[in-house]
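Encoded as structure tokens, the structure appears first; notes follow it.
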Amino acid sequence: MDRRPAALVTGAGRGIGRAIALDLARNGYDIAANDITFEEPGRPAAHQAELDQSVRGFGAGFLAVPGDIADLGGHESLLEAVRKRFGRLDLLVNNAGVAPLERRDILDTDPGSFDRVMNVNARGAFFLTQRAARWMLEQARDGRAQGPAVIFISSISAEVSSPSRAEYCLSKAAASAAARLFADRLAAAGIHVYEVRPGIIQTDMTAGVRDKYDRLISEGLVPQRRWGRPEDVARAVTALARGDFAFSTGLCLEVSGGMNIRRL
Ligand SMILES: NC(=O)c1ccc[n+]([C@@H]2O[C@H](COP(=O)([O-])OP(=O)(O)OC[C@H]3O[C@@H](n4cnc5c(N)ncnc54)[C@H](O)[C@@H]3O)[C@@H](O)[C@H]2O)c1
């Protein structure tokens, strides 16, 4: 295999996805970066141009694949662009995700918000994985990729209850189940599927609740007593992707500073 392995990272425009793209580039991957805020190549958005430059700074190839992951009709052309540019797909990271625009008690969950959150976090990731997996199976049959993998970025909300954002919790529980299901289906072909479950990570997504979590974290909600950083999640993804957990497909790796520990 002469070329570097290629990774497609969704939602790579900022936050956790951006950190994942950079860490993978640092560790030898070419990067296809998707984001709904990206523009077509030729007139890139500023944050897209900056990511492009940083990825290339690691000697990696960069391709921007703009698009809305919730739009299933766009998945084929998205993967086709990756095929054209890199000729292979070794890793898909399903990171694109949205929180409810407004937190509301579960008794008042809005159906529109339910659909929006589910369509990106669960349905979009599921069907993109389905399409990518078909390509990975093709590659595996031809011996063209070694140890291909899919990683779902879910959330502790897959298990932790927040009745003020039920649709988010449901979407992440679905993403978690999708990781397990694809892991089972693809294991015999040597395609590994993992779930990475972040805790409270300092990004734009959590900017609106920063003061609240500052307080809760200082009071001990997070045993390690700090916010998670996008790089904490990125390093977990890289470790899984490069095969450090080769006999552990279906693994769920929580990156939450110890929130996985039940405490009294
Ligand atoms: N920040 C946290 O505390 C936290 C905790 C657990 C899980 N997560 C999950 O990690 C992932 C990344 O979160 P983040 O904190 O970096 O969020 P963020 O909002 O800072 O960044 C998300 C990125 O995804 C892009 N995006 C959103 N919808 C998209 C779509 N439909 N198609 C393509 N791109 C889209 C956005 O433009 C943005 O660049 C999400 O799936 C989120 O649910 C975050």
Starting from residues that are away from the ligand (no atom under 14 Å from the Cβ) and over 24 Å from THR238 (Cβ atoms), keep the ones in the stretch 165-180 and report whichever is surrounded by the fewest Cβ atoms within 10 Å (Cβ to Cβ).
ALA177
Scanning the stretch 24-58 residue by residue, those within 15 Å of PHE86 (Cβ to Cβ), open to solvent by less than 80 Å² (accessible area, probe 1.4 Å) and either of a type in the set (S, T, N, Q) or modelled with pLDDT under 95 (or both) turn out to be ASN34
Among the listed residues GLY250, GLY220, GLY208, identify the single one that is touching a helix residue (DSSP H, G or I) at 6+ places or on another chain (Cβ under 8 Å) and more than 19 Å from ALA19 (Cβ to Cβ).
GLY250
Only one of (1) in contact (Cβ under 8 Å) with a residue 12 or more places away in the chain; (2) in a helix (DSSP H, G or I); (3) surrounded by fewer than 15 Cβ atoms within 10 Å (Cβ to Cβ); (4) of a type outside the set (Gly, Ala, Ser) does not apply to ARG123, and that is (3)
In the stretch 191-220, residue nearest to SER161 (Cα to Cα) [restricted to those that are more than 13 Å from the ligand (Cβ to nearest atom) and touching a residue at least 24 places away in the same chain (Cβ under 8 Å)]
TYR194
What number of residues within the stretch 92-120 satisfy the criterion of being buried (at least 16 other Cβ atoms within 10 Å of the Cβ) and farther than 11 Å from THR10 by Cα?
11
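So for the stretch 150-164 (the condition being more than 16 Å from the ligand (Cβ to nearest atom) and farther than 23 Å from LEU79 by Cβ), does at least one residue qualify?
Within the stretch 150-164 (the criterion being more than 16 Å from the ligand (Cβ to nearest atom) and farther than 23 Å from LEU79 by Cβ), the answer is yes, since at least one residue qualifies.
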Subset of the stretch 218-261 (residues that are of a type outside the set (Lys, Arg) and at positive phi):
GLY220, GLY243, GLY250, GLY257, GLY258
How about the stretch 222-231: which of its residues are within 13 Å of the ligand (Cβ to nearest atom) and either at pLDDT below 95 or open to solvent by less than 70 Å² (accessible area, probe 1.4 Å) (or both)?
VAL222, TRP227, GLY228, PRO230
Would you check which residues across the stretch 122-161 are modelled with pLDDT of 95 or more and touching a His at 6+ places or on another chain (Cβ under 8 Å) and list them?
PHE127, LEU128, ARG131, ALA149, VAL150
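The values are calculated or read from the model by the stated rules, or taken from the named source; none is laboratory data. Values in this document were obtained by computation on a predicted structure and should not be read as measured data. Positions of Cβ are backbone-derived with ideal geometry, glycine not excepted, and every protein chain shown enters the neighbour counts. Just so you know, the surface numbers come from the protein's heavy atoms only, side chains and all, with ligands and any DNA or RNA stripped out. Shrake-Rupley method; radii C 1.70, N 1.55, O 1.52, S 1.80 Å.
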